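Have a look at the structure below before the remarks.
Computed from the coordinates by the stated procedures, all read-outs in this text should not be read as laboratory data. None of the values given here were measured: they were computed from a predicted structure. We place every Cβ from the backbone using ideal geometry, glycine too, and count neighbours over all the protein chains shown.
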Amino acid sequence: MEAPRRGKPPRHLSDMTLAERREAVVAAGLPRFRADQVSNHWFARLVDDPEQWTDIPAGLRAPLAASLCPPLLTNVRDITCDGGMTVKSVWRLHDAATVESVLMRYPATRTSRERVTVCVSSQAGCGMNCPFCATGQAGLTRNMSAAEVVEQVLDAGRKLARGEVAGGSGRVSNVVFMGMGEPLANYSVVISSVRRLIAPAPDGLGMSARGITVSTVGLVPAMRRLAGEGIPVTLALSLHAPDDELRDTLVPINTKWKVGEAIDAAFEYSQATGRRVSIEYALIRDINDQAWRADLLGKLLNARGRGWVHVNPIPLNPTPGSKWTASDPAVERAFVAALEARGIPTTIRDTRGSEIDGACGQLAATVKP
Ligand code: SAH
């Protein structure tokens, strides 16, 4: 599915490798080491205010910022919940398209370190048209650029570094491509943004690929291509039904790539990368939550092998205009139990951000006056 063509977002530091930034700076008539200095502020120190780039002469800061860091994301508003530990940001892009990102802070427990996950959008809107997801209802506006994706993570990183998120100063540990859009329909941008996130500072943000998850409706050829990139990101497959008859209606791309092909591609991904794949399954009351469907899902996954997969049931989050609701808690427990009985690790996904329309499937970026 081709995105409609629009004016491209301006080229930005976050679109470029360090070598490309040096070329851009030299082309602007400045010494190449200025690119390294700006990169260090941007990616290592997380300082985007040129006035604070004090190792650069005052007269050069504005021209460098203008040529390397044109504004890409304008904050429309931030909405918080969970005592400030969840922050949904609404962004206006250069062409007035709007997208959203969500920062979720999970404090350390006795057995786990603190995690901060940023859920990023990779497209304005989405062309996949899944009927239970708010993003799909307005269709696809356009693909985002790599810098537009990376800047969502950097904005969260800067807020954390400045101590603006409840819980004190911190850093982004995880990025999930689970915001607006179908990441694998904007493949090259998603790959470039992942490369920028994992490149060591000051080339990039120096994150671990293992902390990054790319979620897909099951674009099988792109899943195969991703397996060959040599980047061990986690792959998540939005399955939502183990049978083609139902999945054709819940995830319309299933009419092109069937359940069996999507699960095969997910299994191949786990074999190629050594990473356990996640299967996402929104539990929709009386639609896909029957115990027999859990059994069938378990059977299909075990038929490929053991230990390669993990299931993430997601209690359906309400979306405007949808008559569907989340499964009954007892039904949800039975669904999980049926998978566990087949030896499949299963964890219910939390519904973080649902009060602020910031949870899975709720990102619509409707800009209210
Ligand atoms: N397009 C990609 C990335 C979005 S990830 C994909 O579909 O995988 C968002 C996840 O939330 C997907 O698994 C999606 O199916 C799921 N989702 C969508 N609407 C939802 C809703 N109303 N409640 C719970 N999960 C939902």
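Would you please name the residue that is surrounded by the most Cβ atoms within 10 Å (Cβ to Cβ), looking only at residues in the range 6-30 that are of a type in the set (Lys, Arg) and assigned to a helix (DSSP H, G or I)?
The initial filter retains those residues of the range 6-30 that are of a type in the set (Lys, Arg), namely 6, 8, 11, 21-22.
From the residues that got through so far, the ones that are assigned to a helix (DSSP H, G or I) too are 21-22.
Numbers: Arg21: 25, Arg22: 19.
Looking at residues that are of a type in the set (Lys, Arg) and assigned to a helix (DSSP H, G or I), I get Arg21.
Rundown of residues vs (1) within 30 Å of Thr74 (Cα to Cα); (2) out of contact with any strand residue (DSSP E or B) (no Cβ under 7 Å at 6 or more places or on another chain); (3) among the basic types (Lys, Arg), yes/no style:
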residue: Leu301; (1), (2), (3): no, no, no
residue: Val309; (1), (2), (3): no, no, no
residue: Phe335; (1), (2), (3): no, no, no
residue: Ile344; (1), (2), (3): no, no, no
residue: Thr347; (1), (2), (3): no, no, no
residue: Gly353; (1), (2), (3): yes, no, no
residue: Asp357; (1), (2), (3): yes, yes, no
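In summary, Leu73 fulfils each of the numbered conditions (1) under 26 Å from the mean Cα position of the chain (by Cα); (2) buried (at least 20 other Cβ atoms within 10 Å of the Cβ); (3) free of Cβ contacts under 8 Å to residues at least 24 places away in the same chain with the single exception of condition (3). Candidates in the range 100-112 are the residues that are assigned to a loop (DSSP other than H, G, I, E, B) and without any contact (Cβ under 8 Å) to a residue 24 or more places away in the chain; of these, the one that is nearest to the ligand (Cβ to nearest atom) is Ser112. Within the range 292-314, being among the aliphatic types (A, V, I, L, M), more than 16 Å from the ligand (Cβ to nearest atom) and surrounded by 14 or more Cβ atoms within 10 Å (Cβ to Cβ) holds for Ala294, Leu296, Leu300, Leu301.
In the range 169-179, the count of residues that are closer than 18 Å to Glu280 by Cα, among the small types (Gly, Ala, Ser), within 13 Å of the ligand (Cβ to nearest atom) and free of Cβ contacts under 8 Å to residues at least 60 places away in the same chain is zero. Here is the figure for the range 126-139: residues that are within 11 Å of the ligand (Cβ to nearest atom) and outside any helix (DSSP H, G or I) total 8.
Against the definition (surrounded by fewer than 22 Cβ atoms within 10 Å (Cβ to Cβ), under 27 Å from Arg196 (Cα atoms) and within 16 Å of the ligand (Cβ to nearest atom)), how does Glu280 come out, yes or no? Answer is yes for this residue.
Evaluated against (1) in contact (Cβ under 8 Å) with a residue 60 or more places away in the chain; (2) outside any helix (DSSP H, G or I); (3) within 14 Å of the ligand (Cβ to nearest atom), Thr249 falls short on exactly one condition, (2). On inspection, Ala241 passes the criterion of being within 14 Å of the ligand (Cβ to nearest atom), aliphatic (A, V, I, L, M), assigned to a loop (DSSP other than H, G, I, E, B) and under 30 Å from Leu296 (Cα atoms).
For the range 340-354: of the residues being surrounded by 14 or more Cβ atoms within 10 Å (Cβ to Cβ) and over 19 Å from Val118 (Cβ atoms), which is nearest to the ligand (Cβ to nearest atom)?
Filtering the range 340-354 down to residues surrounded by 14 or more Cβ atoms within 10 Å (Cβ to Cβ) leaves 340, 342, 344, 346, 348-349, 351-354.
Narrowing the set further to residues that are over 19 Å from Val118 (Cβ atoms) leaves 340, 342, 344, 346, 348.
Values: Glu340: 21, Arg342: 21, Ile344: 17, Thr346: 15, Ile348: 11 Å.
Once the filter is applied, the top-ranked residue is Ile348.
Look at the range 130-151: where a residue is free of Cβ contacts under 8 Å to residues at least 12 places away in the same chain and a partner is part of a loop (DSSP other than H, G, I, E, B), sitting 6+ places away or on another chain with Cβ atoms under 7 Å, you get Gly136/Cys126; Gly136/Met128; Gly136/Asn129; Gly136/Cys130.
Of all the numbered requirements in (1) surrounded by fewer than 13 Cβ atoms within 10 Å (Cβ to Cβ); (2) of a type in the set (S, T, N, Q); (3) closer than 30 Å to Leu184 by Cβ, Thr54 misses one, and that requirement is (3).
Let's see how each residue does on (1) under 24 Å from the mean Cα position of the chain (by Cα); (2) touching a residue at least 60 places away in the same chain (Cβ under 8 Å); (3) at negative phi:
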position	(1), (2), (3)
Leu301	no, no, yes
Lys323	no, no, yes
Ser354	yes, no, yes
Asp357	yes, yes, no
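Count of the range 140-176 residues, restricted to those that are of a type in the set (D, E, K, R) and either in a helix (DSSP H, G or I) or in contact with a Ser or Thr (Cβ under 9 Å, 6 or more places away or on another chain) (or both), is 6.
Any idea which of Arg92, Arg115 is within 22 Å of Cys69 (Cα to Cα), more than 16 Å from the ligand (Cβ to nearest atom), surrounded by 15 or more Cβ atoms within 10 Å (Cβ to Cβ) and basic (Lys, Arg)? Reasoning before the result, please.
Values: Arg115 fails: within 22 Å of Cys69 (Cα to Cα).
Within the list Arg92, Arg115, the selection yields Arg92.
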